[in-house]
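Student: Okay, handing you the structure first.
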Amino acid sequence: MVLVVILRKRPIMKVNLLLAKRIFRYFLFASLFFSSSFLWSQDCKTNINIQLENIAGGVYSNEEVVFTKIGATDNVTSKSDYKGIATASLDCGSRYKVNIENHTRKQEIRTPERAGMTAMFTYTYNHDMVASDKRFAMSEIQKVELEVEIKLLPDTTFVKNSIMTRPRNITNYTAFKFEVKSLDYTSLVDETVIFTGKNRNKSFKGTTNDRGILIVYLPKGDEYSINFLYNKNFAMKDIPFSKGTSQASSNIQYIGTKEILRRKKIEEDRIKAIEEQLAREKKEFEDWCKKEKISFEEGHKRRLEASMRNVGTTDLVVDKVLSRNNWSQKLIVCDVTGSMNPYVQQLLTWYQLNIVKEKNLQFVFFNDGDNKSTSMKKIGETGGIYYQNKPSIEELVNKVSFVQGKGGGGDGPENNMEALIKGVGMADPYKELVMVADNHAPVKDLELLTSFSSPVHIILCGASGGFIHPDYLQIAWKTKGSIHTIEEDIVKIASMLEGETIQIMGRKFKIMGGEFIQVSGS
């Protein structure tokens with residue numbers, strides 16, 4: 001595997017305020033291929049190069065650079081060479097604080113996701129940055145006076161007409177101009193934004209004007225989270241202590257609350273239609289079982305056996321993906337709720353044809369709660385998850401029939417994360433984790449993703465129409481896994497960073513505030 005990524009990050013010093021701003025430029029060079037059986041471990045290392053440049057020209061050599069992994073106490077120290085470059089070998093897919101000798105601004109980087117990749121970050125600053133900051137730094141007495149003043153502020157200051165009233169003691173504040181663009185890069189109007197200090201917990205709330213701009217005066221000496229109604233901690237802004245008047249600004253792109261509400265309504269209507277269709281199909285199936293005087297389990301078994309002889313869907317995504325990817329010693333976690341019947345049939349047919357060559361194959365099937373009512377389904381405790389190890393084809397058909405006979409979902413969202421977490425706990429050691437997922441069903445327990453890290457290869461069933469549910473992109477991204485459609489194996493999603501975009505089946509998604517947001521495509 002050869003993949004080199006160079007990320008160019010160039011903070012430019014604003015001389016009068018000595019404030020460094022970051023400009024990101026990404027250069028992607030050639031990649032030969034990713035091994036789909038790549039195993040992640042704590043030994044995964046990437047190479048980081050830090051270029052130190054003088055704003056007046058030239059570079060800084062023999063400068064110390066310290067990398068501290070966020071959430072850890074140990075660090076890695078390096079010295080810049082005659083070219084002004086400091087190098088370090090750091091853990092894959094991790095966030096690090098970067099402390100540079102004679103550079104006073106807070107810096108943070110994220111390392112590439114895969115072993116052997118290289119990233120470069122460039123910092124440009126004045127040679128006398130430390131001395132200049134000292135000249136403009138607040139005295140301890142000034143800091144104390146500032147803290148006394150800030151304590152008198154209400155917990156939340158409300159901004160009227162998109163421009164905050166100028167504080168009386170303006171030197172204790174930084175005038176912060178915040179501009180928001182929508183997905184189509186037009187001004188995001190009437191968007192409510194809240195800035196909350198990390199240390200003092202003082203908030204400033206207002207709405208953007210007709211140009212998408214909100215101006216607030218933020219107390220110096222704090223780091224502020226930028227929050228929207230549906231996206232908390234979307235971004236951060238550091239406002240340092242400094243003497244005199246100061247200004248700062250940020251420009252971001254955001255989906256917008258109105259667009260979120262519009263999409264939520266569309267999704268609610270879509271799920272309602274799916275649930276109504278599933279209810280009709282369930283009743284028809286149960287009526288048929290009663291007419292034939294057989295149990296629901298037997299009914300599912302008959303239907304599976306019949307369909308294996310004649311697969312009734314043109315969307316052969318399960319067969320195509322499993323056939324073209326040489327995953328070994330797989331643990332396959334499969335949704336077997338009602339809407340997944342055609343794809344479950346594909347999985348059984350594929351297994352029937354490949355049972356001899358598959359070694360140590362394991363299965364986990366889930367039905368979203370064993371016919372529990374929606375009100376009884378608790379996150380992480382929904383249940384309906386069953387394990388099968390090295391089965392014959394007859395045993396596998398019987399297991400699927402049993403699990404389907406226990407229940408078929410009922411509501412649209414499924415307990416995919418619970419199935420992954422508990423399934424991995426049930427299984428023997430495996431090499432590759434594969435999830436056969438219903439692309440049209442949201443993941444009801446996505447919040448459990450924070451406690452799961454095993455890379456997941458997700459086979460998206462029902463994506464042939466072009467619709468891609470972002471929940472599955474989120475799982476693949478966070479676990480450093482991959483997404484698979486009938487035509488594509490999308491492995492680069494594992495190494496994506498905030499702000500980057502990816503196109504899948506004609507739809508473009510962008511990572512914004514740690515989430516995948518569709519930005520183009522119907």
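The values are calculated or read from the model by the stated rules, or taken from the named source; none is laboratory data. Please read these numbers as outputs of a predicted model, since none were measured by experiment. All Cβ positions, glycine included, derive from the backbone under ideal geometry; neighbour counts span all protein chains shown.
Student: Residue by residue through segment 458-491, note down the ones that are within 16 Å of E113 (Cβ to Cβ) and either free of Cβ contacts under 8 Å to residues at least 60 places away in the same chain or among the acidic types (D, E) (or both).
Tutor: Answer for segment 458-491, where residues must be within 16 Å of E113 (Cβ to Cβ) and either free of Cβ contacts under 8 Å to residues at least 60 places away in the same chain or among the acidic types (D, E) (or both): L473, Q474, I475, A476, W477, K478, T479, G481, I483, I490.
Residue by residue, here is whether (1) assigned to a helix (DSSP H, G or I); (2) at pLDDT 95 or above; (3) assigned by TED's automatic domain parsing to the domain that holds E275; (4) not aliphatic (A, V, I, L, M) holds:
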residue	(1), (2), (3), (4)
N326	no, no, yes, yes
Q345	yes, no, yes, yes
L348	yes, no, yes, no
N360	no, no, yes, yes
S375	yes, no, yes, yes
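Student: Considering (1) touching a helix residue (DSSP H, G or I) at 6+ places or on another chain (Cβ under 7 Å); (2) surrounded by fewer than 19 Cβ atoms within 10 Å (Cβ to Cβ); (3) within 30 Å of E268 (Cα to Cα), say which one Q346 fails and leave the rest.
Tutor: It is condition (2) that Q346 fails.
Student: Another question, then. Tell me which strands (runs of 3 or more DSSP E) are completely within segment 466-522 and hold 2 or more residues being crowded, with 19+ Cβ neighbours inside 10 Å and either of a type in the set (A, V, I, L, M, F, W, C) or at pLDDT 90 or above (or both), or say none if there are none.
Tutor: Result: 482-484, 507-512, 515-520.
Student: If you take the residues of segment 109-159 that are within 36 Å of the chain's Cα centre (by Cα) and exposed (fewer than 14 other Cβ atoms within 10 Å of the Cβ), which of them is farthest from V193 (Cα to Cα)?
Tutor: Only one residue fits best here, namely P154.
Student: Evaluate segment 440-454: report whether one residue or more is among the aliphatic types (A, V, I, L, M) and out of contact with any strand residue (DSSP E or B) (no Cβ under 9 Å at 6 or more places or on another chain).
Tutor: Yes, that holds for at least one residue.
Student: Go through segment 463-495 and count every residue that is closer than 18 Å to V318 by Cβ and among the small types (G, A, S).
Tutor: To start, the set of residues in segment 463-495 that are closer than 18 Å to V318 by Cβ comprises 463-465, 467-469, 472, 475-476, 481-490.
So of that shortlist, the ones also among the small types (G, A, S) come out as 463-465, 476, 481-482.
Final tally of qualifying residues: 6.
Student: Do we have any residue at all in segment 426-439 that's surrounded by fewer than 24 Cβ atoms within 10 Å (Cβ to Cβ), in a strand (DSSP E or B), acidic (D, E) and in the same structural domain as L348 (by TED's automatic domain parsing)?
Tutor: Yes, there is a match, as at least one residue in segment 426-439 is surrounded by fewer than 24 Cβ atoms within 10 Å (Cβ to Cβ), in a strand (DSSP E or B), acidic (D, E) and in the same structural domain as L348 (by TED's automatic domain parsing).
Student: All but one of (1) at pLDDT 95 or above; (2) within 21 Å of E259 (Cα to Cα) hold for A175; which doesn't?
Tutor: Looking at each condition in turn, A175 falls short on (2).
Student: When you go through (1) part of a loop (DSSP other than H, G, I, E, B); (2) under 24 Å from F296 (Cα atoms); (3) at pLDDT 90 or above one by one for G380, which number turns out not to apply?
Tutor: (2)
Student: Looking only at segment 177-203, count every residue that is farther than 20 Å from G513 by Cα and more than 27 Å from the chain's Cα centre (by Cα) and tell me the total.
Tutor: Residues in segment 177-203 being farther than 20 Å from G513 by Cα and more than 27 Å from the chain's Cα centre (by Cα): 2 in total.
Student: Residues in segment 51-76 that are more than 26 Å from S495 (Cβ to Cβ) and assigned to a strand (DSSP E or B): how many?
Tutor: Residues meeting the conditions: 4.
Student: Follow-up question, since we're still on this one. Can you say whether K106 is surrounded by fewer than 16 Cβ atoms within 10 Å (Cβ to Cβ) and either in contact (Cβ under 8 Å) with a residue 60 or more places away in the chain or on the phi > 0 side of the Ramachandran plot (or both), as far as the supplied structure shows?
Tutor: Here the answer is yes, as K106 does meet what is asked.
Student: Now a separate question. Does segment 247-279 hold any residues that are among the charged types (D, E, K, R), surrounded by 14 or more Cβ atoms within 10 Å (Cβ to Cβ) and more than 26 Å from the chain's Cα centre (by Cα), and which are they?
Tutor: E275
Student: Go through segment 126-177 residue by residue and tally those that are among the small types (G, A, S), more than 20 Å from S250 (Cβ to Cβ) and outside any loop (DSSP other than H, G, I, E, B).
Tutor: 2
Student: Looking at G244, G206 in this structure, which one is within 26 Å of P154 (Cα to Cα), more than 27 Å from the chain's Cα centre (by Cα) and part of a strand (DSSP E or B)?
Tutor: G206
Student: Does D184 count as surrounded by fewer than 14 Cβ atoms within 10 Å (Cβ to Cβ), at pLDDT 95 or above and part of a loop (DSSP other than H, G, I, E, B)?
Tutor: no
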